[in-house]
1. Tally the residues that are of a type outside the set (S, T, N, Q) and in a strand (DSSP E or B), restricting the search to region 210-258.
2. Just to be sure I understand the filter: pairs with C-beta atoms under 6 Å, separated by 6 or more residues or on different chains, first member in region 155-168 and within 11 Å of the ligand (Cβ to nearest atom), second member part of a loop (DSSP other than H, G, I, E, B) and of a type in the set (S, T, N, Q). Which pairs pass?
3. May I ask you to verify whether GLU20 is buried (at least 18 other Cβ atoms within 10 Å of the Cβ), acidic (Asp, Glu) and over 19 Å from LYS166 (Cβ atoms)?
4. Using the structure shown, decide if GLY192 is surrounded by fewer than 24 Cβ atoms within 10 Å (Cβ to Cβ), at pLDDT below 95 and in a helix (DSSP H, G or I).
5. Hey, does region 70-85 have a residue that's closer than 29 Å to ASP238 by Cα, charged (D, E, K, R) and within 15 Å of the ligand (Cβ to nearest atom)?
6. Among (1) at pLDDT below 95; (2) touching a Phe, Trp or Tyr at 6+ places or on another chain (Cβ under 7 Å); (3) more than 16 Å from the ligand (Cβ to nearest atom), where does PRO97 come up short?
7. When you go through ASP169, ASP161, ASP175 one by one, which is the residue that is over 19 Å from HIS278 (Cβ atoms), under 17 Å from the mean Cα position of the chain (by Cα) and surrounded by fewer than 21 Cβ atoms within 10 Å (Cβ to Cβ)?
8. Go through region 149-205 and count every residue that is among the charged types (D, E, K, R) and over 21 Å from SER117 (Cα atoms).
Amino acid sequence: MRAVDFIARKRDGYEHSREELEWFVKALVAGEISDYQTSAWLMAVVLRGMTASETADLTRAMAFSGMRLDLTGVAPFVADKHSTGGVGDKTTLVVAPLVAAAGVPVGKMSGRGLGFSGGTIDKLESISGFRTSVSTGDFIRQVKEVGIVVAAQTPDLAPADGILYKLRDVTATVDSLPLIASSIMSKKIAAGATGVILDVKAGKGAFMKTVEDARSLAEAMRDIGGEVGLQVRAVISDMDQPLGWAVGNALEVNEAVQTLKGEGPEDLLEVALALGGHLLHMAAKTESPERGAETLLDLLHAGVGLRKFREFIVAQGGDPAFVDRPELLPQAPVQHEVAASGPGYLAGINAEAIGRASVTIGAGRATKEAAIDYSVGFVLHAKVGDRVSQGQLLATIHAANDVSAREIESAIRAAFQLSNSPQTRPPTIREIVT
Ligand code: URA
């Protein structure tokens, strides 16, 4: 088949056969399809969609585009976790060490920033010395010996997703149920875990804007996992405002550390405990997810999660000194305050606008090759439902220079919507899909 005919079939709304999708993924990984043709096909998928069976076929072809890890000899249950993408979402850095500290090993392949959402790999790379590129042998060894590994996509594991992911980030082809489902589930299947908890975000700062769409995505991923014997559950969590206070790579790493010290934001802790609680329950460590969450909170208070976090950083070559001295993380030279222009109740914080602003000031990429600035981002000082007075601090912009801080100020101010009437705080957890 010729790439141009493959693209035209999707452009014209046809359903790809399994053979076509397998041909495409094989040719993609062999380097036989150019970036411009791949991008054209991605856009056709965004516009035309895919049926459930196309999505499952694409996922399988992507999952088997490299090797599939066999972790069955490593532990009775190996856990994995993945988010569909949000703003301020540093949950992995809290959940993974806590779950590992509870005796359930975590082996996870993570992504970089995607569109307006941040990525765990970019966050981890803000830590001096930290290696996100982990060989297959080291991945298995670390799951066994340390109980936690978080690695970037490798050429061995789901390489097709590595190629598509980079292109989607910079071609406005992220927001598509079949592309998100296949991207996530191909990595989860290839990485060899026993069970996966998915954090499916719903709201303005998510790729799925409504709970209904988030539920459809969660169910599609659960069904794809089920077909290959992978246990999958999903927590649908709120992304109508950024999660926690910090948005930006190093700022988020610091917030995750503060959370493991018991000093983090409530919403982040709530999501982390819910996700981790399900993993402990799936691993048969506790009789319910709620009991699992309580166990993790006890471990957090005992400092065991933080100890596991340090072990994880050291195992991947990072210098853990920043855990006690956050100033060792990359620091932006300029900190610029944004204050409320009037009094009111905070009715919304447009998370997508905050995410896009973070990419603009350098925390994300505009092109595939672009370097990112780990130090920049925002720290928010209010949440939806809060009453604010005129002049009260809403956010601090961490920027590379004054010009960039001033340029982004109006976008940040506009993301905060004030109302005259009292506002209720939206629930952080919306639904569970089992
Ligand atoms: N995370 C992924 O790995 N892929 C997506 O498409 C979205 C979030």
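1. Final tally of qualifying residues: 8.
2. GLY162/GLN153
3. yes
4. No, not satisfied.
5. Yes, that holds for at least one residue.
6. Checking PRO97 against (1) at pLDDT below 95; (2) touching a Phe, Trp or Tyr at 6+ places or on another chain (Cβ under 7 Å); (3) more than 16 Å from the ligand (Cβ to nearest atom), the one that fails is (1).
7. ASP175
8. Counting residues in region 149-205 that are among the charged types (D, E, K, R) and over 21 Å from SER117 (Cα atoms) gives 1.
The values are calculated or read from the model by the stated rules, or taken from the named source; none is laboratory data. These figures come from a predicted structure and were not determined experimentally. Neighbour counts are summed over all protein chains in view; Cβ atoms, including those assigned to glycine, are modelled from backbone coordinates with ideal geometry.
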